[in-house]
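What follows is one structure encoded as structure tokens, with my remarks underneath.
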Amino acid sequence: MRIATITFQQNAMSQMQELQAALAKTQNDLATSKKLHSAADDPAAMTQVNQLNITLSASTQYVTNGNSASTNLKLEEQAMADATNTLQGIRDLAVQANNAALTASQRQDIAVQMQQQLQDLQAIGNRKDSNGNYIFSGTASGTEPFSQVGNSFIYSGASTVNQIQIASNQRVSAGDTGSSVFMNIPAGNGTFTTSAAATNTGTGVISVGTVVTPAAWVPDTYTISFTTPSNYQITNGAGTVVASGVYTDPNSISLISGIKVPISGTPAAGDSFTVAKAGTASAFSTVSNLVATLNSSTLNNAQIATQIGGSLQQIDNAITHLNDVSASVGARINAITSSQTSAQSEQTNLTASISQLQDIDYAAAITQLNTEEISLQAAQASYASIAKLSLFNYLK
């Protein structure tokens, strides 16, 4: 069989080009630390890498989301602590003011201090984060949540909060609305409220009361009226007499549908007290009403004591409520931390899997490079030697 010179040259050149291409790829792999550059290198492996990268990107975003939510929640947690301290200071002032020996001027001095703390409390409710967004406005983060109109406080924020995804199947609330934190606080003892009529002339002071038999409590508006300093009757919202008795000591008032409301002091004939189903009240209005009570020049000591007693109960409710919200915030921060720990562990595993699929083994790659260089050099040397052969070399 004859082998033409041109055929020999073409085969030799093709072989050397293949060796050069293989050598160039190995050199590129070493330069980039990657053995997988496109789907052409290994379609199945590239598909796996793409899927792993998508999962890794999502996991990284969950951690970023968690960091953002955690920052917001920590700001809220600090606001809760500051609001609790402020309310505790207001409570201390209320206890100080609940002293029949104080003059009207002395109570007004306390009211001035309390008014300043009320402003501090409102400022806490209107706090912003580092981006200028209001913490307690919910999804309406650009709207100032709390404003005062006369003696009333209005919430202008949203009723919803952002839900942040921190894992593929887990979301957390990135905050709480101002209405749920500061406005919707159970009034009275949580079941009912008590109050004294503004026209009372005696020294009777009604307590916040207690629930003795929850199943027997029938929500309604009850009026305890004293026909004489020692005789009373209780009527419901329809005006029907439901109980009556003789008042001999603070605990002698008969049960009203499963509750008990002690009245201390000495009520006068014609005095009345009201027991009503509890609703909700805001922390701001509670303090504002307390300031108004201390500034009043028409209330007698008994009426002041009754209103301060009710306010103290309401402040305690607010502090308890803030503690509950703070506990919820802490639980969410812990959930984020746990989720991020899991995500970071997952990212480590994903990165290792991606590396295993697309990164080179340096030792093996260097060995392969040396082998390919030797093969190419040998091919080139062989071609050079064989190309010199000719019949003319043997003619004399």
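So the values come out like this:
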read-out: Counted residues, segment 189-200 - those being small (Gly, Ala, Ser) and crowded, with 22+ Cβ neighbours inside 10 Å; value: 1
read-out: Scope segment 131-156; condition over 16 Å from the mean Cα position of the chain (by Cα) and touching a residue at least 12 places away in the same chain (Cβ under 8 Å); matching residues; value: 143, 144, 145, 146, 148, 151, 152, 153, 155, 156
read-out: Tally, over segment 272-294, of residues that are among the hydroxyl-bearing types (Ser, Thr, Tyr), assigned to a helix (DSSP H, G or I) and more than 15 Å from residue 108 (Cα to Cα); value: 2
read-out: Residue 216, sole failed condition from (1) touching a residue at least 60 places away in the same chain (Cβ under 8 Å); (2) exposed (fewer than 13 other Cβ atoms within 10 Å of the Cβ); value: (1)
read-out: Filtered residues of segment 231-264 (kept if in contact with a strand residue (DSSP E or B) (Cβ under 6 Å, 6 or more places away or on another chain), small (Gly, Ala, Ser) and not in a strand (DSSP E or B)); value: 254
read-out: Filtered residue count, segment 130-147, keeping only those that are within 16 Å of residue 81 (Cα to Cα) and in contact with a Ser or Thr (Cβ under 8 Å, 6 or more places away or on another chain); value: 1
read-out: Any hit, segment 171-188, residues being β-branched (Val, Ile, Thr), in a strand (DSSP E or B) and over 29 Å from residue 99 (Cβ atoms); value: yes
read-out: Number of positions in segment 105-141 that are of a type in the set (Asp, Glu) and assigned to a helix (DSSP H, G or I); value: 2
read-out: Hits in segment 144-155 - residues which are part of a loop (DSSP other than H, G, I, E, B) and at pLDDT 95 or above; value: 144, 145
read-out: Selection count where residues are buried (at least 20 other Cβ atoms within 10 Å of the Cβ) and farther than 19 Å from residue 190 by Cβ, scope segment 255-272; value: 3
read-out: Selection within segment 293-304 - closer than 19 Å to residue 265 by Cα, of a type outside the set (Val, Ile, Thr) and crowded, with 22+ Cβ neighbours inside 10 Å; value: 302, 303
read-out: Near pairs, Cβ below 9 angstrom, 6+ apart or cross-chain, from segment 167-192 (within 30 Å of residue 338 (Cβ to Cβ)) to any residue that is part of a helix (DSSP H, G or I) and among the basic types (Lys, Arg); value: 172/332; 173/332; 174/332
read-out: Only listed residue being part of a loop (DSSP other than H, G, I, E, B) and of a type in the set (Ser, Thr, Tyr), chosen from 199, 227, 223, 193; value: 199
read-out: Residues within segment 94-104 that are among the hydrophobic types (A, V, I, L, M, F, W, C) and assigned to a helix (DSSP H, G or I), tallied; value: 4
read-out: Selected residue (only one of 318, 268 is touching a Phe, Trp or Tyr at 6+ places or on another chain (Cβ under 9 Å) and closer than 24 Å to residue 103 by Cα); value: 268
read-out: Test: residue in segment 325-341 that is assigned to a helix (DSSP H, G or I), within 30 Å of residue 103 (Cβ to Cβ) and touching a residue at least 40 places away in the same chain (Cβ under 8 Å); value: no
read-out: Residue satisfying condition, being among the small types (Gly, Ala, Ser), within 26 Å of residue 203 (Cβ to Cβ), in contact with a helix residue (DSSP H, G or I) (Cβ under 8 Å, 6 or more places away or on another chain) and part of a helix (DSSP H, G or I), within set 297, 311; value: 311
read-out: Some residue of segment 113-135 being surrounded by 14 or more Cβ atoms within 10 Å (Cβ to Cβ) and among the hydroxyl-bearing types (Ser, Thr, Tyr); value: yes
read-out: Cβ pairs under 6 Å, 6+ apart, first in segment 78-93 and touching a residue at least 24 places away in the same chain (Cβ under 8 Å), second surrounded by fewer than 21 Cβ atoms within 10 Å (Cβ to Cβ) and small (Gly, Ala, Ser); value: 80/326
read-out: From the options 91, 2, residue that is of a type in the set (Lys, Arg) and either part of a helix (DSSP H, G or I) or modelled with pLDDT of 95 or more (or both); value: 91
read-out: Hey, residue 38 of a type in the set (Ser, Thr, Tyr), part of a helix (DSSP H, G or I) and either surrounded by fewer than 17 Cβ atoms within 10 Å (Cβ to Cβ) or at pLDDT below 70 (or both) or not; value: no
read-out: Failed item in (1) at pLDDT 90 or above; (2) closer than 30 Å to residue 58 by Cβ; (3) among the small types (Gly, Ala, Ser), with residue 326 passing the rest; value: (2)
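The values are calculated or read from the model by the stated rules, or taken from the named source; none is laboratory data. In this text, all values refer to a predicted model and were calculated from it rather than measured experimentally. In this analysis, Cβ positions are derived from the backbone assuming ideal geometry, glycine residues included, and neighbour counts consider all displayed protein chains.
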